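What follows is a single structure, written as structure tokens, with notes after it.
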Amino acid sequence: MNILLISNYAPPNEGGIQFVMGALAREYQALGHEVAILASDTGIPRGVSTHDGVTRIGVRALNFLERRSIPFPLFDPITLLDQLGRWLAWADAVHVHGLLYLNGVLGAALARRRGLPIVLTEHVGFVEYKSALINQVQTLALHTVGRVTTWSSSAVTVLNARVAHELRPLVRAGTPLHKIVNGVDTTLFQPPADAAARAQLRQRWNMTRPTLAFVGRYAEKKGIDLVVASARLTPEIDYVICGRDTEHLHTDLPNIRVIGVVDQPRLAAIYGAADALLLPSEGEGFPLVVQEALACALPVIVTDNATNHEYLDATVALFTARDPQAIAAAARDLLADETRRIRMGVAARAWAVANFDWRETAQR
């Protein structure tokens, strides 16, 4: 079967959806299918290219909204229609990631006219911004443009119950709606072999004190401002910050180290060296970085919300309010008890192996 994946960005552009598409593409290929990814040319060559053995189609687009933490490229309509026409003629099935991206909306509608089966995966649903105007525009878009994508789809998948609840009124009657969790590469993301290997990693990354890792884009919903505020309250704890655009974070706090974008092997090493992951985010599907950290035997400190409780419990996670005082208290509690931290780490690794399997995700 020829499977066309459609989203705003394509691998190796850094971001959760891109990692998901890359992993699914590899698993689909392992199952014997041909795969192509159609996305904007943000971070990838324009036109047809190959990455990690997968064909990519980069469509010309403007991406200035990303500066406002809105990952919404504006596609050149002529080029987009031309490329969709070519690749939908090739495809036997279409997998759209994100119900609002213009290439996905148009791709789903055109694929339906061709009689192709279409799976829509909506990763995050409604994302709360500080701007009331952005929230109003987003709500309008979900109930207009988003409805076109959902009505075009043969099946819809989500990562959590919140997004399922948001999408149910938008989905055509009789269209299946499934919750399917993403996987994690437990071979790449695994704990250090022993205490000596962990000590070497800590030396490599200059982690000489209790250290929390934050991994995520420099975006409002990720809560990086809360991480900085927590660091100010806990000078005895070091914070390592990784992710796209985090190099734009400017702070004079001596216990914050900004590393910026790192590749997957280096990220696995950072997880292996750190003491816990801190991710006080909101408006997520279920963050891949949480799954990666768990696979590396790292306890996680996450927002106390329904989504995180769907996938985690107190054996592997600390749940905290999105408040600097609460985050600082959770960090101190966890890092003050090394026996507890190690016990949670062992449970975290077992949890990831048991619950997050890319092969099962692709098959479903």
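Output the residue which, of all residues in the stretch 262-308 that are in contact (Cβ under 8 Å) with a residue 24 or more places away in the chain and in contact with a Cys (Cβ under 8 Å, 6 or more places away or on another chain), is nearest to residue 326 (Cα to Cα).
271
Do any strands (runs of 3 or more DSSP E) entirely within the stretch 16-129 hold 3 or more residues that are of a type in the set (A, V, I, L, M), and if so, which?
Of the strands (runs of 3 or more DSSP E) lying wholly inside the stretch 16-129, those with at least 3 residues that are of a type in the set (A, V, I, L, M) span 34-40, 54-59, 93-97, 118-122.
Here's a check for you: in the stretch 138-184, which residue that is basic (Lys, Arg) and within 19 Å of the chain's Cα centre (by Cα) is nearest to residue 113 (Cα to Cα)?
179
To keep it simple, each residue is scored yes or no on (1) small (Gly, Ala, Ser); (2) more than 25 Å from residue 171 (Cα to Cα); (3) crowded, with 19+ Cβ neighbours inside 10 Å.
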{"residue": "21", "(1), (2), (3)": "no, no, yes"}
{"residue": "27", "(1), (2), (3)": "no, yes, yes"}
{"residue": "30", "(1), (2), (3)": "yes, yes, no"}
{"residue": "53", "(1), (2), (3)": "yes, yes, no"}
{"residue": "76", "(1), (2), (3)": "no, yes, no"}
{"residue": "98", "(1), (2), (3)": "yes, no, yes"}
{"residue": "110", "(1), (2), (3)": "no, no, no"}
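Which of the strands (runs of 3 or more DSSP E) found entirely inside the stretch 207-265 contain at least 1 residues meeting this: within 22 Å of residue 335 (Cβ to Cβ) and of a type in the set (S, T, N, Q)?
Strands (runs of 3 or more DSSP E) meeting the threshold: 211-215.
For the list (1) over 25 Å from the mean Cα position of the chain (by Cα); (2) modelled with pLDDT under 95, I need the number of the one condition that residue 79 fails.
The single condition residue 79 does not satisfy is (2).
Quickly run through the stretch 231-271 and pick out the residues that are surrounded by 20 or more Cβ atoms within 10 Å (Cβ to Cβ) and of a type in the set (Gly, Ala, Ser).
Matches in the stretch 231-271: 231, 243, 268.
Looking at (1) farther than 18 Å from residue 326 by Cβ; (2) open to solvent by 10 Å² or more (accessible area, probe 1.4 Å); (3) at pLDDT below 95, can you tell me which one residue 219 breaks?
(2)
Is it the case that residue 157 is part of a helix (DSSP H, G or I), hydroxyl-bearing (Ser, Thr, Tyr) and buried (at least 19 other Cβ atoms within 10 Å of the Cβ)?
no
Residue-by-condition table, conditions (1) surrounded by fewer than 21 Cβ atoms within 10 Å (Cβ to Cβ); (2) modelled with pLDDT of 95 or more:
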residue: 136; (1), (2): yes, no
residue: 177; (1), (2): yes, yes
residue: 199; (1), (2): yes, yes
residue: 204; (1), (2): yes, yes
residue: 215; (1), (2): no, yes
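Got at least one residue in the stretch 280-294 being of a type in the set (A, V, I, L, M) and part of a loop (DSSP other than H, G, I, E, B)?
Taking every residue of the stretch 280-294 in turn, none turns out to be of a type in the set (A, V, I, L, M) and part of a loop (DSSP other than H, G, I, E, B).
Of all residues in the stretch 284-303, how many are polar (S, T, N, Q) and within 13 Å of residue 17 (Cβ to Cβ)?
0
List the number of the failed condition for residue 63; all other conditions in (1) within 14 Å of residue 38 (Cα to Cα); (2) open to solvent by less than 70 Å² (accessible area, probe 1.4 Å); (3) out of contact with any helix residue (DSSP H, G or I) (no Cβ under 6 Å at 6 or more places or on another chain) hold.
(1)
The values are calculated or read from the model by the stated rules, or taken from the named source; none is laboratory data. Since the structure is predicted, the reported quantities are computational estimates derived from the model, not experimental observations. Ideal geometry is used to build each Cβ from the backbone, glycine not excepted, and the neighbour counts take in all protein chains shown. Accessible surface areas use protein heavy atoms only, side chains included; no ligands, DNA or RNA. Shrake-Rupley method; radii C 1.70, N 1.55, O 1.52, S 1.80 Å.
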